[in-house]
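The values are calculated or read from the model by the stated rules, or taken from the named source; none is laboratory data. None of these values were measured; they are calculated from a predicted model. Cβ sites come from the backbone with ideal geometry, for glycine too, and all protein chains shown count toward neighbours. In case anyone asks, the SASA skips ligands and DNA or RNA and just uses the protein heavy atoms, side chains included. Shrake-Rupley method; radii C 1.70, N 1.55, O 1.52, S 1.80 Å.
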Amino acid sequence: MLPFIDLAAQRAALDPRVEEAILAVVRHGAYVMGPEVGQLEEELAAFCGAKHVVSCGSGTDALALILMAKGVKPGDAVLCPSFTFAATAEVICWLGAAPVFVDVREDTFNLDIDSLEAGLVTARERGLRPVGVIPVDLFGQPADYAPIETICAREGLWLLADAAQSFGARYQGRKVGTIGDATATSFFPAKPLGCYGDGGAIFTDDPELDAVLRSLRNHGQGADKYEYARIGMNGRLDTIQAAVLIEKLRVFPDEIAARDRIAARYAAGLSDCAVVPRVMAGASSVWAQYTLRVSGFDRSAFQASLRDAGVPTAIYYPRPLHRQDAYARYPSAGNGLPVTDRLAQEVVSLPMHPYLGEADQDHVIATVRKVLGA
């Protein structure tokens with residue numbers, strides 16, 4: 001069985017640098033907020049061009065900290081896609097606000113602008129105050145931010161880019177991390193840039209927001225260690241994880257290029273027999289997942305046949321959030337989310353990681369073609 005994401009191959013390629021980086025932390029003993037944390041924040045800022053980077057304990061923490069800093073409260077509505085991981089909506093609910101779910105585009109899987117407009121109407125009809133929008137850069141490609149920014153400016157809404165899957169990508173000349181009021185990303189091990197546990201980061205050009213986020217991340221700390229300026233949380237990134245990420249960031253551009261080459265070979269080999277993902281003009285993807293649509297086929301049988309041939313697959317996401325019991329009481333835009341419902345029944349992701357060799361790529365392509373009868 002091929003690995004779906006080959007973290008072992010990456011580790012082998014990076015040793016002994018990562019091991020030495022971890023040992024350096026063990027030796028100096030600054031396990032919480034050690035020097036590597038500040039170094040990582042500086043290097044992430046340099047990588048994407050953001051003025052301020054605040055590392056934190058996870059991608060979920062990154063989203064939550066931004067909402068906390070924005071003062072999200074009961075009665076507020078935050079618009080986001082339903083076709084996403086639970087963390088996007090989860091943090092909205094933590095603060096007593098309501099996620100208003102919007103539909104996505106069939107070509108990019110990202111937020112649909114017409115559904116966003118409908119979601120604003122729905123929110124106000126429910127007596128909610130729209131305060132912000134969280135587009136999600138699903139599968140590695142940024143959302144189409146220009147029209148979203150126009151609506152946010154018109155309506156007085158903040159814009160939080162959920163880039164848990166897209167850090168390293170570009171949109172119309174801008175790098176992910178420099179779009180919106182703030183950007184949140186995740187360093188979960190399976191992400192394109194992942195650590196050896198949980199981790200995340202926030203990017204912003206707003207110095208006041210940066211200062212509030214740093215306080216919130218450390219229990220709301222004020223000028224003194226035991227002075228609390230606000231209610232915060234323990235959202236700090238472990239020093240060891242920062243050390244791992246510093247080493248991984250060094251090879252990250254090469255890994256992005258490798259992912260792009262693999263995606264191009266997949267597209268060339270499969271576009272005549274399946275609906276392959278497309279990248280918008282003026283954008284790039286880091287291919288967190290390579291996701292096909294297999295409309296008209298029994299998806300479970302498709303997956304079983306690939307598994308029998310040693311090719312693993314995954315489904316992101318088989319049941320969208322507006323269909324989950326925990327989120328069923330929250331509103332959806334307009335008359336529903338038909339594209340989201342359809343995609344959830346059709347998508348299937350193939351192995352994707354920068355260490356997937358051409359022979360294995362060819363095996364995946366040939367197996368998919370055979371199963372689809374191409």
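Can you tell me which residues in the range 254-283 are open to solvent by 20 Å² or more (accessible area, probe 1.4 Å), acidic (D, E) and in a helix (DSSP H, G or I)? Result: D254, D260.
Tell me the residue from E117, E106 that is part of a helix (DSSP H, G or I) and open to solvent by 20 Å² or more (accessible area, probe 1.4 Å), please. Step through it out loud before you land on a result.
Details: E106 fails: part of a helix (DSSP H, G or I).
The conditions single out E117.
In the set (1) closer than 27 Å to H28 by Cβ; (2) at pLDDT 95 or above; (3) surrounded by fewer than 24 Cβ atoms within 10 Å (Cβ to Cβ); (4) of a type outside the set (A, V, I, L, M, F, W, C), the condition left unmet by G200 is number (3).
Looking at V364, is it β-branched (V, I, T) and within 25 Å of I262 (Cα to Cα)? Break it down into steps so the answer makes sense when it comes.
Working: β-branched (V, I, T): yes; within 25 Å of I262 (Cα to Cα): yes.
Judged against the criteria, V364 is a match.
Just to be sure before I move on: is D112 under 21 Å from T183 (Cβ atoms), in contact (Cβ under 8 Å) with a residue 60 or more places away in the chain and of a type in the set (D, E) in the structure I sent? Outline the logic, then answer.
Numbers: under 21 Å from T183 (Cβ atoms): yes; in contact (Cβ under 8 Å) with a residue 60 or more places away in the chain: yes; of a type in the set (D, E): yes.
When the stated conditions are applied, D112 passes them.
Do you know which residues across the range 165-189 are outside any strand (DSSP E or B) and crowded, with 24+ Cβ neighbours inside 10 Å? Step through it out loud before you land on a result.
Applying the first criterion (outside any strand (DSSP E or B)) to the range 165-189 yields 165-169, 172-173, 176-181, 187-189.
Correct list: Q165, S166, F167, G168, A169, V176, G177, I179, G180, F187.
For the range 129-147, a residue qualifies if it is over 14 Å from F109 (Cα atoms), crowded, with 20+ Cβ neighbours inside 10 Å and hydrophobic (A, V, I, L, M, F, W, C), and the qualifying residues are V131, V133, I134.
Can you report the number of residues in the range 227-251 which are open to solvent by 60 Å² or more (accessible area, probe 1.4 Å) and in a loop (DSSP other than H, G, I, E, B)?
Going through the range 227-251, the residues open to solvent by 60 Å² or more (accessible area, probe 1.4 Å) turn out to be 227-231, 234, 236, 238, 250.
Still in the list and also in a loop (DSSP other than H, G, I, E, B): 227, 229-231, 236.
Number satisfying all stated conditions: 5.
Only residues that are surrounded by fewer than 16 Cβ atoms within 10 Å (Cβ to Cβ) and of a type in the set (A, V, I, L, M) were counted across the range 203-226, and they come to 2.
For R154, are the conditions met, namely being within 30 Å of F252 (Cα to Cα), surrounded by fewer than 22 Cβ atoms within 10 Å (Cβ to Cβ) and of a type in the set (K, R)? It would help to see each step written out before you state the result.
Working: within 30 Å of F252 (Cα to Cα): no; surrounded by fewer than 22 Cβ atoms within 10 Å (Cβ to Cβ): yes; of a type in the set (K, R): yes.
Against the criterion (within 30 Å of F252 (Cα to Cα), surrounded by fewer than 22 Cβ atoms within 10 Å (Cβ to Cβ) and of a type in the set (K, R)), R154 does not qualify.
Regarding the range 355-364, can at least one residue be identified that is surrounded by fewer than 19 Cβ atoms within 10 Å (Cβ to Cβ) and in contact with a strand residue (DSSP E or B) (Cβ under 8 Å, 6 or more places away or on another chain)? Taking every residue of the range 355-364 in turn, none turns out to be surrounded by fewer than 19 Cβ atoms within 10 Å (Cβ to Cβ) and in contact with a strand residue (DSSP E or B) (Cβ under 8 Å, 6 or more places away or on another chain).
Taken together, the criteria exclude G173 from residues that are at pLDDT 95 or above, of a type outside the set (V, I, T) and within 16 Å of the chain's Cα centre (by Cα).
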